[in-house]
Every structure is written in structure tokens, then in C-alpha cells.
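Comments concern the structure below.
Coordinate-derived values only; no laboratory data. Being a predicted model, the structure only gives us computed values, none of them experimental. Neighbour counts run over all protein chains shown; Cβ positions are idealised from the backbone, glycine included.
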Amino acid sequence: MDNEQARALLKKYNSGQCTEDEQALIEQSFFAFNEQDIEVSFEKLKSIKKQIATELPKPEAKMSFLKISVAISTAAAIVAFAIYLFTPRYENNIDKSLEIAGKIFSKGNVAVITLSDGKTIELDKTKVGIMVDGSNIIYNDGSKITAANPTAYQSISTPKGGEYKIVLSDGTKVWLNAATVLQYPTSFRDRTERRVKLVSGEAYFEVAKDKDHPFIVASRNQDLTVLGTHFDVNTYESTVKTTLLEGSVKLNLNGKNDSLKLAPGEQSATSGTSFEKSEADLGINLAWRNGKIKFRNKDIKSILQEAERWYNIKVEYENGMPNIHLTGGISRKSSLATLLKLLQMSGIDFTMKEEQDIKVLIIRS
């Protein structure tokens with residue numbers, strides 16, 4: 001398979017015309033190759049490519065190269081296909097935009113606590129999380145941050161590009177994605193229910209079991225009630241999406257009698273008028289929780305909206321929105337350049353500029 005064949009196969013995938021074997025080959029290649037920041041010299045790439053090519057069967061039909069995954073091991077197929085797609089980038093000089101993007105990373109563990117009296121505390125970037133213990137707030141390593149009013153509500157917020165973990169006073173663990181705000185009481189003692197509010201953004205919950213005190217997550221347009229389970233609530237867009245990994249949850253629309261129960265592997269979506277239930281793509285929907293950004297047959301706008309949140313950039317479209325859907329995956333520790341290389345490989349032209357201390361990605365076509 002040469003570069004043109006690889007690109008033709010990618011184009012066929014993006015248009016939804018691939019066979020199951022073709023689709024599996026492409027997705028395995030993307031997810032395995034792009035999630036790693038591996039520096040490999042161009043000479044090494046050519047060597048690997050040549051070695052793998054000798055193991056491939058000779059073409060017997062027009063599309064015989066699609067049998068690659070049968071002819072060699074899965075690992076070799078992934079490497080081979082990734083090399084076919086990415087080799088051209090090593091042959092060319094890296095342009096200024098990729099140089100700029102190569103210096104743009106996420107902020108990592110960054111968050112701010114807002115106490116009930118309005119005082120704010122910037123959390124330590126070297127720590128991975130905090131624990132709320134009644135009248136105290138402490139880091140996950142046991143070091144104390146501050147004393148708190150045991151009956152008050154507080155909030156924790158992450159900026160664009162930030163993330164943080166919090167353990168609530170009942171032992172419930174919550175992971176906050178970028179640009180997220182969560183309100184919670186410092187203690188659930190003497191309360192008939194354990195209620196928190198996801199004001200904005202996205203959070204993943206592992207709820208401590210307590211059958212006598214239901215755990216409730218209030219968010220835009222809905223209340224979610226559980227006794228003990230693992231789930232994700234995403235409020236980034238106008239539609240609130242809830243994805244269930246383990247246990248069961250019940251959703252209620254605010255001000256309405258409509259309710260919905262989810263089983264593991266299911267997802268609900270609501271804009272406030274009704275619920276829609278579907279099978280969840282857990283590998284994609286929960287990728288952020290595992291430190292990755294993944295997308296499957298997703299439009300450019302949705303992908304770049306996530307990039308805006310994670311890399312704290314601004315995206316503009318010079319000639320309208322390209323009608324392209326992509327599949328890929330990168331580590332959230334990767335620079336923005338890793339993502340831009342995927343866009344460039346798919347024929348998307350772009351440039352970057354700095355505008356009042358904000359990096360702007362301009363999509364030209």
C-alpha cells in the first residue's frame with residue numbers, strides 16, 4: 001500500500017463506505033499510533049516500512065491490500081498503516097504553525113476552590129486531588145489546605161485545559177474535566193440526601209454506596225439520583241449527556257414528570273424537554289477520564305470545540321466549516337501539534353496566530 005492508497009482508504013472511511021475490516025484497520029492504527037508521543041527518525045520509519053512491506057502478500061486483486069491485517073500481526077498492521085499515513089510529514093519541513101502548536105499543552109492539575117465566604121484558594125499543581133473531610137480540606141497526600149464551615153457549600157472549578165479530582169466527605173470520588181464547576185457541601189452529615197450541582201462542564205463520578213442517603217447530581221435541566229454507581233455527566237453543549245458505566249441511575253427532568261432509568265453501557269441526552277436513550281460508546285465518551293482525547297467519525301467543529309477547552313485556544317473558520325468527519329486519538333499530554341498533524345493529514349489547511357495572549361487556530365479549508 002503506498003501513500004496514495006492509504007489516503008484513499010482514509011477518504012473512503014470518512015465517507016462511511018469502508019468495510020468492517022477496513023474500518024477496524026484504520027481505527028486500530030489511529031488509536032494505537034496517535035496516543036503515543038514517540039519520536040522516530042525518518043530513516044527508522046523507512047526501515048520499518050521496508051521490513052513490513054516484505055512480509056505483505058503480493059496484490060492479487062484491486063483491493064487485496066486490505067487483507068493486510070490477516071497477512072501480518074495486528075501490531076505490525078497498526079505500525080504499517082500509521083507509517084503510510086504519517087511518513088509524508090517527516091519528509092517536509094515543519095511549518096511555523098506546527099512549531100507554535102508544539103509548544104501548546106494542557107495545564108494539567110489546575111483548579112480553584114471557592115469557599116462559602118467568597119474566598120478563593122488556588123490548588124497546588126503538583127497534587128492530583130483533594131479530600132473534603134467535614135471541617136477540613138486536605139490534599140490527597142494528607143497535607144492540610146484550610147479549615148471549612150462544616151455546613152457550608154463550596155465550589156471547585158477548573159479552567160480551560162485544567163483537570164482535578166475531589167473526594168467528597170462521604171467518600172464519593174469526582175474527576176473534573178476542563179472548564180468545569182462543581183458545587184458541594186463540606187459535609188453530608190444530618191442530610192437526608194447527598195446533593196451536589198454540576199454547574200457547568202463535565203465530571204465523572206464514582207459514588208460511595210449509602211442506600212439510606214441517595215446521591216443526587218443536579219445539572220442543567222435534570223436531576224440524577226443514584227445509590228452507588230459510576231457515571232459521567234457532560235453539560236458542555238446545549239444537550240446534557242449522561243453516560244453510565246456501572247450500577248443504575250434514574251434521571252428526572254426539572255419541572256416535569258418525565259423520568260428515565262439507565263443501565264450500564266447506556267447514555268441519555270436531553271435538552272430539557274424529553275430524554276433520548278442510546279447505547280454509549282464508552283471508549284470514546286470516557287476517554288478523557290483515562291487521559292486521552294478520542295473521536296470516532298466526528299465532525300471538525302466538535303473536535304475543535306474539545307481542542308478549545310483542552311488547549312485554551314480560539315478556533316476561527318476562514319471559509320466556512322469543512323464537511324469532514326475524522327477518527328483518531330491522542331494523549332491529553334500531547335501538544336496541540338499532534339492533533340493538528342491529524343487535521344493536516346486529512347487535507348485540512350490551517351494556520352495559527354497569537355491575538356491578545358490567546359492562540360488562535362484558523363481553519364482555511
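A few comments on the model shown:
- Extending 7 Å from Cα along the Cβ direction at T192 and again at S143 yields two label points whose distance is 4.2 nm.
- Remark: relative contact order (region 253-293) = 30 percent; criterion is Cα-Cα distance under 8 angstrom and separation of 6 or more residues.
- The convex hull of the Cα atoms of region 160-216, projected and averaged over all directions, covers 3.6 nm².
- A111 long-range amide H proximity, modeled H, under 5 Å: L123
- Taking the Cα centre of region 214-365 as reference, the dipole from Cβ charges on Lys and Arg (+1) and Asp and Glu (-1) amounts to some 300 debye.
- Anisotropy class of region 135-260 from Cα gyration tensor, a/c 1.5 cut: oblate
- For V249, distant residues with modelled amide H under 5 Å away: L262
- The residues neighbouring T242, those whose beta-carbon lies less than 12 Å from its own, together hold a net charge of 0 under the Lys/Arg +1, Asp/Glu -1 convention.
- Rounded to the nearest whole Hz, the Karplus-based 3J(HN,Hα) values (6.51 cos²θ - 1.76 cosθ + 1.60, θ = phi - 60°) of region 327-340 follow the sequence 10, x, x, 9, 6, 6, 8, 6, 6, 4, 4, 4, 5, 5, with x at glycine and proline.
- Positive-end residue, region 168-279 charge dipole about Cα centroid, Cβ charges, pick of V199, G265, N177: V199
- Loop chymotrypsin sites (Phe, Trp or Tyr not before Pro), region 271-357 (other Cβ atoms within 10 Å of the site Cβ: 12 or fewer; DSSP): none
- Geometric extent, Cα atoms of region 175-321 - Rg, Dmax (angstrom): 16.0, 58
- Computed from point charges on the beta carbon alone (+1 for Lys and Arg, -1 for Asp and Glu), the dipole magnitude for region 280-359 about its Cα centre is near 500 Debye.
- Placed amide H near R195: partners under 5 Å, 5+ positions off or other chain: I216
- One chain, two ends: D124 and S365. Fully extended at 0.36 nm per residue, the span grows by 82.7 nm beyond their Cα-Cα distance.
- Total formal charge among the other residues, if their Cβ is under 11 angstrom from that of E202, Lys/Arg +1 and Asp/Glu -1: -1
- Neighbours of S155, meaning other residues whose beta-carbon lies under 13 angstrom from its beta-carbon, give a summed charge of +1 when Lys and Arg score +1 and Asp and Glu score -1.
- Each residue, D117 and K314, gets one label point 7 Å from its Cα in the Cβ direction; the gap between the two is 3.8 nm.
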